[in-house]
Amino acid sequence: MEIGVFFTYGYSLQTWKNTGTLKREIKIFEEISKKYELNFTLITYGDSSELEILNTNERIKIYPLYENFKHSKNNLIRFIKSIFFARKLRKDLNYVDVFYSNQLLGTWVPLVIKLFTNKPVLIRTGYDMLDFAYKDNKKSYIIFFYKILTFVSIKFSDIFTVTNKTDKNRLEKDYPKYSNKILLRPNWVDSVEYNEIDNRHKNRIIAVGRLVEQKNFTYLLNEFSNLKKDIVIDIIGEGLEKSNLEMLAKEKNLEVNFLGSKEHKELMNQYRKYKYFISTSTFEGNPKTVLEAMASGCIVLASNIDNHSEIIDDHINGFLFDLNLGGLKKAYEEVDENIDLKKVSKNAVNKTLEVNSLDKCIDDTFNDLKSLISKS
């Protein structure tokens, strides 16, 4: 079986390498190819230098789009040209059985190829871009574009996967005619060697995420103001809000370490050193950082939003708090009171093993692809 994997529009292997996620992102394709002997062609928005980045097995090939098409500096021209990639791609990729789009952004390329070839298309989404655009107060033309893209992608794809129940329920309500093709496929996380919570940092908190408004780190620092002698906060991530957060930490008399980005393997090792992980996000999809922290046995405190409450059973495998003044601080102070935290830690690990294991993701992905082959 030959699978053509389209990267998110504008993304390349170099993008993944720069963000430290290359090994994690490529792992799912490597493992499926090993277990089920599938062949993958990764269609990236890179140039010939992509061929030097990935040393992988013979079942995974790289097709850098900008080795075969001219890269335009103008964003609009580059977008328009991408729509017309299909003519050449349908010939170069005529051996492909199923086209797999790794995110919503960029689905127009495999969908246009489908118009010419009638080959099946599976679209995977990590989060609902349209919903995020609304919550991020994006400009109206961006929201309109995502609205059209979502509708077209759901209508013309053969399978459309989402990572969380909240997105699934919303999309099934908005597009009831196509609800049968909207499937729930949660994010996967690596299992790690368990480290007892008694052997971890007790007065240090870890938080992970882009330093942007959505992640709400301002709230985190405000909640722990004037606790410099009692708590150290380590934040892993980069973003435009870094300088503002550094100033706020000084203003609030807090010891905060901004540790920058980490390679995924290093990040997974970091989780195991901390007893507490905190997420203060105002909205999420199926947050990998929360799932990874749970898989690592951290005591997770997360904002009480739909996509957190979906994966955290309050006081059983983690703790939820309301995003109001004092909500997080109260939850943190009460967490040790008459609660078996070792049990909470183990429950968190078991939950991710049950729902978010790599093996489950491999099998689900293969079965989805196989079902499309049988229909074609």
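The values are calculated or read from the model by the stated rules, or taken from the named source; none is laboratory data. Note that this is a predicted model, so its numbers are computed, not measured. Every residue, glycine as well, gets a Cβ built from its backbone with ideal geometry; the counts of neighbours run over all protein chains shown. Just so you know, the surface numbers come from the protein's heavy atoms only, side chains and all, with ligands and any DNA or RNA stripped out. Shrake-Rupley method; radii C 1.70, N 1.55, O 1.52, S 1.80 Å.
Please work out the average accessible area per residue across the stretch 230-376, using the 1.4 Å probe convention, and give it in Å². Intermediate results must be reported in sequence, preceding the final value.
Working: 6650 Å² over 147 residues.
Heavy-atom SASA per residue in the stretch 230-376 reads 45 Å².
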Exercise. Just how much of His315 is accessible, in Å², when a 1.4 Å probe is used and the result is rounded to the nearest 10?
Worked result: 110
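Sorted by average packing, counted as other Cβ atoms within 10 angstrom per residue and highest first, what order do 85-92, 191-198, 211-218, 124-131 take? Working shown, then result.
Details: 85-92: 16.0, 191-198: 13.8, 211-218: 19.2, 124-131: 21.9.
Going from most to least packed, we get 124-131, 211-218, 85-92, 191-198.
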For this session: Show Arg204, Arg210 ordered by accessible area, largest first, where the area counts protein heavy atoms only and the probe is 1.4 Å.
Result: Arg210, Arg204
Exercise. At a probe size of 1.4 Å, how large is the accessible area of Lys273, to the nearest 10 Å²?
Worked result: 100
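Mean residue ellipticity at 222 nm from the helices of the chain, using -39,500 (n - 2.57) per DSSP H segment of n ≥ 4 over the full residue count, to the nearest 500 deg cm²/dmol? Show your work: numbers first, answer last.
Details: 17 runs with 163 residues, N = 376.
The per-residue figure over the chain is -12500 deg cm²/dmol.
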For this session: Report the charge-dipole magnitude of the stretch 64-179 in Debye, nearest 20, computed about the Cα centre from +1 at each Lys and Arg Cβ and -1 at each Asp and Glu Cβ.
Result: 360
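Give, to the nearest whole percent, the P(r) tail of the chain beyond 36 angstrom, counting all Cα pairs.
Values: 18439 of 70500 pairs.
Counting pairs separated by more than 36 Å, the tail of P(r) holds 26 percent.
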Problem set entry | Built amide H within the under 5 Å cut-off of Ala302, gap 5+ | Ser279, Phe319, Leu320, Phe321
For this session: With θ set to phi - 60°, apply the Karplus curve 6.51 cos²θ - 1.76 cosθ + 1.60 along the stretch 299-316 and write out the HN-Hα couplings as whole Hz, x wherever there is a Gly or Pro.
Result: 7, 8, 10, 9, 4, 7, 10, 3, 6, 8, 5, 5, 10, 10, 8, 4, 6, 10
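At a 1.4 Å probe radius, carbon and sulfur cover how many percent of the accessible area of the chain?
Details: 8720 of 18030 Å².
Carbon and sulfur together cover 48 percent of it.
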Problem set entry | Centre separation in Å (Cα based) which lies between the stretch 273-323 and the stretch 62-89 | 40
Exercise. Would you list Glu255, Glu58, Glu37, Glu292 from the most to the least accessible area, probe 1.4 Å?
Worked result: Glu58, Glu37, Glu255, Glu292
